[in-house]
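All remarks here apply to the structure that follows.
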Amino acid sequence: MDTMSVAGAKPVGEIVDVFVIYDDGTPARIQLLAGPEPTLARPGRVVSEEEYGARLQELREGTRAYVAQLEAQDEARQRADYEVLRGLGVPEENARRMAGYNGGQS
């Protein structure tokens with residue numbers, strides 16, 4: 001990386017990226033002046049950029065899977081509400097709107 005500078009001031013050192021994975025699984029990228037390994041504010045360990053990237057990807061995939069699960073549950077609930085409303089004689093268009101259900105249309 002470039003050295004840090006301010007107009008009229010001498011560079012203070014090289015800025016480097018340090019990658020961390022905390023004990024709770026949280027990844028972090030820290031920028032600091034080159035030197036000894038930093039003292040972390042909470043338990044964790046310094047890792048390679050590759051390990052940091054892999055952890056980020058793992059978290060993103062987990063989030064996508066969780067969102068997909070929530071969407072599927074929501075659609076199932078909407079469909080069940082729609083079917084109850086249709087069973088009670090509510091017209092299809094109204095039942096869809098009331099339940100928020102848009103699936104199953106041809």
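Against the condition under 29 Å from Gly13 (Cα atoms), at pLDDT 95 or above and either exposed (fewer than 10 other Cβ atoms within 10 Å of the Cβ) or charged (D, E, K, R) (or both), how does Glu49 come out, does it pass? Break it down into steps so the answer makes sense when it comes.
Details: under 29 Å from Gly13 (Cα atoms): yes; at pLDDT 95 or above: yes; either exposed (fewer than 10 other Cβ atoms within 10 Å of the Cβ) or charged (D, E, K, R) (or both): yes.
So Glu49 passes the test.
Kindly indicate the residue of segment 93-106 that is surrounded by 12 or more Cβ atoms within 10 Å (Cβ to Cβ) and part of a helix (DSSP H, G or I) and also farthest from the chain's Cα centre (by Cα) among those meeting that condition.
Among those that are surrounded by 12 or more Cβ atoms within 10 Å (Cβ to Cβ) and part of a helix (DSSP H, G or I), it is Ala95.
Somewhere in segment 40-58, is a residue among the small types (Gly, Ala, Ser) and closer than 30 Å to Gly104 by Cα? Before the answer, list the steps.
Residues of segment 40-58 among the small types (Gly, Ala, Ser): 41, 44, 48, 53-54.
Going one step further and asking which of them are closer than 30 Å to Gly104 by Cα, we end up with none.
No - not one qualifying residue is present in segment 40-58.
The values are calculated or read from the model by the stated rules, or taken from the named source; none is laboratory data. Everything numeric in this text was worked out from a predicted model, so none of it was measured. All Cβ positions, even for glycine, are placed from backbone atoms using ideal geometry, and neighbour counts span all protein chains on display.
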